[in-house]
1. If the cut-off is a Cα-Cα distance under 20 Å, which aspartates and glutamates reach B:Lys27, setting aside same-chain residues fewer than 8 apart in sequence?
2. Which order do the peptides A:262-268, B:269-275, B:82-88 come out in when sorted by mean C-beta neighbours inside 10 angstrom, highest first?
3. Please give the helix A:248-260 orientation as an angle from the longest Cα principal axis of chain A, in degrees from 0 to 90, rounded to the nearest 10.
4. Just want to confirm a number: the relative contact order over chain B, from Cα pairs under 8 angstrom separated by 6+ residues, in percent.
5. Got a sec? How would A:Leu287, B:Leu168 order by Cβ neighbour count within 10 Å, fewest to most?
6. I need A:Thr32, A:Thr288 ordered by Cβ neighbour count within 10 Å, fewest first.
7. Run down the aspartates and glutamates and flag those whose C-alpha is under 19 Å from the C-alpha of B:Lys212, throwing out any fewer than 8 positions away in its chain.
8. As I understand it, the dipole of chain A uses +1 on the Cβ of Lys and Arg and -1 on the Cβ of Asp and Glu, about the Cα centre. Which of A:Ala242, A:Met65, A:Leu326 lies farthest toward its positive end?
There are 2 protein chains.
Amino acid sequence: MVTLAEVARRAKVTGATVSNVLRNPQKVKPETVERVMAAIRELGYRPNLTARALARGRTSTLALMLSNIANPFYPEFVLAAEREARKRGYFLLVCNTDDDPAITRAYLEQIAGSLASGIIVMNTDLGEGELTDVANRGVAVVLCMWEHVQPSRTLPCVTIDFAAAGALAATHLSGLGHRKFGALVGAGSGGPQTIRLDGFARALAAHGHSEKSLTVVHAHDSLESGYEATMGLLHRKPALTAIFATNDLMAIGAMQAAADLGKRVPDDLSVVGLTDIVLAHQFRPALTTVRLPTAEIAARSIALALEMVEGGTSTQDLYVVRAPELIVRESTGPAPSRRRRA
Amino acid sequence: MVTLAEVARRAKVTGATVSNVLRNPQKVKPETVERVMAAIRELGYRPNLTARALARGRTSTLALMLSNIANPFYPEFVLAAEREARKRGYFLLVCNTDDDPAITRAYLEQIAGSLASGIIVMNTDLGEGELTDVANRGVAVVLCMWEHVQPSRTLPCVTIDFAAAGALAATHLSGLGHRKFGALVGAGSGGPQTIRLDGFARALAAHGHSEKSLTVVHAHDSLESGYEATMGLLHRKPALTAIFATNDLMAIGAMQAAADLGKRVPDDLSVVGLTDIVLAHQFRPALTTVRLPTAEIAARSIALALEMVEGGTSTQDLYVVRAPELIVRESTGPAPSRRRRA
């Protein structure tokens, strides 16, 4: 491996000067910059990250834009994405946009193509148009956890079959004998999680349940919002015996609301979440949920961004990571009517 | 505000060339680089972040080194630090070191002084010596949540009075009439949280409890480890009525262990945590804990790093952020013996 000292010898300068050229070229005499850069090229020296970025005209950093680091799904995703990036010699710049399109825009303007050569976008504050503009400037843009009926026509997407995830929850609850269902539909910055709901509702219909058997309420992706929504839902529909929440935080809030209303989970009320965040198995009762393959989504997104960065290519492909799976824990059980008959 | 177009006019080049000079100076003729840099200086142009970094010889990015993003304390800290950094026009590069000194070292080698002009170090995988070496290369290094008996002699630290936090827990439990205490002492990458324990133990002594009234077990900073440690502790000392855990995750694990052993919290066992992560108030029973001023620690650390970066100065000061406070929730109550007498 070529060392900085060899570059310095070839260019007839000190190591400190080579380092200066790589870090602060404007502080070095132009002729010296030229001589050092020539030596680097001739020897095939691989300097440190920023230096390499200067030499290649791009950085070795990817950025991950997400809407809310305080939602526990994101740290879990960050952990997986960061490991994958590091394995490949890249750093991951995590940008928390606080659910604010203006912040997303500011980050993109400042880092896309300069600090970061590739951007993985998990929040959808911005329209595809603005993101496509960024991609058109030569930045690798990957949409991750894309959750719309249509795939993007201009940008690559990494996603999962969210409708299948909802269907798994419905089939599980229907099989347990439940007949009256509630659904808590979350909404992050990407809008309501309607595909998850649609999958749930269609599967219920396929299992012979009428439309009237399902009551839908909208909430936000938080424990507190799931709690409030469930309080309202159980007040209006006290005969519900099963609740599907389109994400785990809301499902945990639903279990807490049930407890505060004196309903036992799962004896009086079954609750199913979606995602399988760490808290899902840590909570008591442990949450039955539909697991998303978080680490695989992260790895696929990083790999796709790097293919684009390193190959200098672009793609509009849609990558659907392997199917979600149902994880049965303590929060679901037979419907109370069936239980009584037993 | 001076625009890129004005710089281009002054230097008699196109805007694209100015942009090239700022991003890829080695691709531009040295004379042109000189002319553009001169125009930038004369006009006081503030180019975008990377460009500004090149012009000033440093980047507008801070890095935050932490040991484990999956521990919910860190996302909460990141959120606060990122907001503070952004308010001041800086980006925050979050580096998750996975409790591995080799990864910490690799991040430091690659980004310190190049991608990041200042580093906030929350993990203590590395010794002070290695970090001081980084600081000696002109990088602002701030030790955050420093938890050793002696402050660093070479680097600035931002911390809190961890002993006072432990003492608050002891005073609370003693005041509730408890006489037999357990302590779960956590250990992250920085080693055991002995200052928290010492504060707890000394306050117990000050309230007249003998040394024998306290049983100490060691664990790791996780819910699972708190659970296991509590199972062992209650097996050995079934008469314990109060447990202090040096962090909230372990305290929540302790509550789950108590539940699995048929002990009611707080009727049979009181549990106090330390930190006040979001989960502490979300969990049932809600956790009594000693709140650390997370947002203030984050803001102070960012501010200190930026003072050093922007002022080009260094300091070895120790900043102790305001005192922790006790937050009483549902997990603590009168000692069972007192309860029976009542």
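Readers should treat all values here as calculations from the given coordinates under stated rules, not as data from a laboratory. Small disclaimer: the values here were computed from a predicted structure and weren't measured. In this analysis, Cβ positions are derived from the backbone assuming ideal geometry, glycine residues included, and neighbour counts consider all displayed protein chains.
1. Cα-Cα hits under 20 Å: A:Glu31, A:Glu34, A:Glu42, A:Glu310.
2. Answer by packing, highest mean first, reads B:269-275, B:82-88, A:262-268.
3. The two axes meet at around 30 degrees.
4. Normalised by residue count, the contact order of chain B is 16 percent.
5. Ranking A:Leu287, B:Leu168 by Cβ neighbours within 10 Å, fewest first, gives B:Leu168, A:Leu287.
6. A:Thr32, A:Thr288
7. Straight-line reach from B:Lys212, under 19 Å: B:Asp198.
8. The one lying farthest along the dipole's positive direction is A:Leu326.
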